[in-house]
Every structure is written in structure tokens, then in C-alpha cells.
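Report on one structure; see the data block that follows.
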Amino acid sequence: MIAGIELGGTKTVVATGTGEGAVTEEWRFPTTTPEETFSRATGWLRERGTPSAIGVAAFGPLGVVPRHGNYGKLLATPKPGWADYSIIGALHEAFPGAQVTIETDVNAAALAEARIGAASGMEDVAYITIGTGIGAGILSGGHLIHGTLHPEFGHLKVPRKPDDHFAGVCPFHADCLEGLASGPSMAARWGKPAHELPPDHPAWNTEAWYLAHGALSLVGIVAPERVIIGGGVSQAEGFHEKVETLLNEIAAGYFAPIQHKPYIVAPHLEQQAGIIGALLLTAR
Ligand code: ADP
Ligand code: ZN
């Protein structure tokens, strides 16, 4: 039996399926305390059998380097009760024989979209999500990349849009990309949540401007063949086209990868990318 777990800040998904990413059966439930969340997930799996491999796609910050002592552990997350929780420890205790592979939610989504979604067959893909936070998963030469930690794309500094004086909402850096362009940032900047801002509102030019600058950093460093932008905020009408247009403007004719059109696209797997990615991790 092959199992996948997607651990999100608000909901958790547990599934059985295949290492090729086919979901056989899944169950979604709210994420609560770590102990309760993992005992529900492992209990559900135990009713179905004993997994030989479990892939996990989790929110971060998270230890993702297998040779490091913190592999499979949540790091300094502000989510109450979760800092230092060992996901891998809980799963090894429940299923001692299972091979457990842990990745960030965004890397799992990048993998899923690259295998069977919006970037099918591509080996160099970036997946950006814009929701409560901003993050990016990167598949480079077929590898999900990490340094000593996973990338922290959302906390990159981006140039300010001329005449933008909004302070930003990141508790660490104020005006990093996440501070200037996450869902909560849009709500604070414009006085109403992103999903209530109409498509012709100036908010969307500002939002696309920041995402285009963020995307250009990815292009400059890992030269993806395609960039997928998902997450709640990306669902605004025409958003991907706006980012692509601005990216072409600021690239000023340089950066060959972006000539491959369409370059900035919506996810195909939508809400399923994380759990499909978790299943795909078991085959790596
Ligand atoms: P989370 O990051 O918590 O998983 P989401 O990815 O769903 O959550 O993102 C939530 C954000 O997306 C909120 O700021 C919300 O206003 C915004 N959002 C949700 N739907 C839309 C939409 N159709 N258009 C624009 N923004 C949206
Ligand atoms: Zn920040």
C-alpha cells in the first residue's frame, strides 16, 4: 500500500494510491494539534492496510535534507504547538516498516504539475503559490531543490513599485514579497480581501507587478521552462496573463526561457496537486 499525506495549515489530506500519483481513496479533515492530526491520519490508513511507503507534503519551515538531524521535523513555525514536531517520528512509530519521504507542500505541487499537470513532461519547473503566504517549489533538472533549507522565495526582497508606500505585513521583514503581495497583504493594503477586489481594480496591477519581479528572480537563478502560479489569490481573472506581460516588459528582451509561451500558467491539478505530489514522492 502506498500512502500520501498533505499537511496544510488549515486542512490535512490523507490518501492511498500509487507512486504514479493516482489517488485511490482520500480523506480531508481540519488540521488541529500535531498529535491529533497524525493519529487521525495514521488511524485512517491503518483501517486500509499497512503502507510500505508514505510521501508527505507539509507546510514549513521544515527540515527537508535527509542527512540533517532535523529531517521531517517542523522548525520555527509560528503555528501554535507545531514547532519541533517530528512528522517522520510519528509516522515511523505508527508504521515502522514504511519508507517515509518528506517535502514542502510547494515542492510536492511542483512535482505533481511537472509529472501530470500544467507542465507535464518538463524537468525544470517552478510552482509559486499566493495565499496566506507566498512560497515556491522548484524542480530543477528533475530534482526538487534544497540548500541547507528549502527555498524561502516569499521572503525575498523585491523592488518597490514606484509610488507604492504601503509598509508591508511580514512580521519579520515588513516589505518582502510576501509582506507586499500575500492575501493578507492585499486585504490590509486595499481594505478588503483579494477575492472581493474586481478584475479592473488597480490592486491587480500592483499584485502582478510584484509577482513578475519575484518570477524574474526565479528565471535568473533556475531558468525554469515554465512557471505555474497557484493559490487563492492567483484565481483572479486574467492574473497569469498580466504577470506574463509584465515579466516580458521587465526582462527587456533578455532571459531566453521566458520566450517559451505560455510561460506563466495556472495549475491544472488545483486542490489535488499537494496530495498527488505526496504520492509521487514515494517513487523517488
Ligand atoms: P491558504 O494559503 O490559507 O491555503 P488560499 O491559497 O486559499 O489559502 O488563499 C487565500 C487567499 O486567496 C485569501 O487572501 C483570499 O482573499 C484569496 N482568494 C481566494 N479566492 C480568490 C479569487 N477567486 N480571486 C482572488 N483572490 C482569491
Ligand atoms: Zn518576510
* Filter result for GLY8 (under 22 Å from GLU113 (Cβ atoms) and of a type outside the set (A, V, I, L, M)) -> yes
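Here is a yes/no grid of residues against (1) open to solvent by 30 Å² or more (accessible area, probe 1.4 Å); (2) in contact with a Pro (Cβ under 9 Å, 6 or more places away or on another chain):
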site	(1), (2)
HIS201	yes, no
LEU211	no, no
SER217	yes, no
PHE239	no, yes
LEU280	no, no
* strands (runs of 3 or more DSSP E) wholly inside region 1-63 that include at least 3 residues being within 16 Å of ligand 1 (Cβ to nearest atom) and of a type outside the set (A, V, I, L, M) -> 23-30
* To do: From (1) over 28 Å from LYS73 (Cα atoms); (2) surrounded by 19 or more Cβ atoms within 10 Å (Cβ to Cβ); (3) touching a Ser or Thr at 6+ places or on another chain (Cβ under 9 Å); (4) of a type in the set (Asp, Glu), pick out the condition that doesn't hold for GLU244.
  => (3)
* Structure fact -> Scanning region 140-190 residue by residue, those basic (Lys, Arg) and not in a helix (DSSP H, G or I) turn out to be LYS157, ARG160, LYS161
* Identify, from the list GLY147, GLY137, the residue that is within 13 Å of VAL222 (Cβ to Cβ), free of Cβ contacts under 8 Å to residues at least 40 places away in the same chain, surrounded by 21 or more Cβ atoms within 10 Å (Cβ to Cβ) and outside the structural domain of ALA57 (by TED's automatic domain parsing). => GLY137
* Asked: Is it the case that region 218-232 has a residue that's part of a helix (DSSP H, G or I) and within 16 Å of ligand 1 (Cβ to nearest atom)?
  -> yes
* Asked: How many residues are modelled with pLDDT of 95 or more and away from ligand 2 (no atom under 16 Å from the Cβ) if we restrict to region 163-175?
  -> 2
* Asked: With (1) open to solvent by 40 Å² or more (accessible area, probe 1.4 Å); (2) part of a helix (DSSP H, G or I) as the list, and TYR254 as the residue in question, which single condition is left unmet?
  -> (2)
* **Residue list for region 176-199, filter: within 16 Å of ligand 2 (Cβ to nearest atom), open to solvent by 10 Å² or more (accessible area, probe 1.4 Å) and more than 18 Å from the chain's Cα centre (by Cα)** => ALA188, ARG189
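The values are calculated or read from the model by the stated rules, or taken from the named source; none is laboratory data. Just so you know, these numbers come straight off a predicted model, no measurement behind them. In this analysis, Cβ positions are derived from the backbone assuming ideal geometry, glycine residues included, and neighbour counts consider all displayed protein chains. In case anyone asks, the SASA skips ligands and DNA or RNA and just uses the protein heavy atoms, side chains included. Shrake-Rupley method; radii C 1.70, N 1.55, O 1.52, S 1.80 Å.
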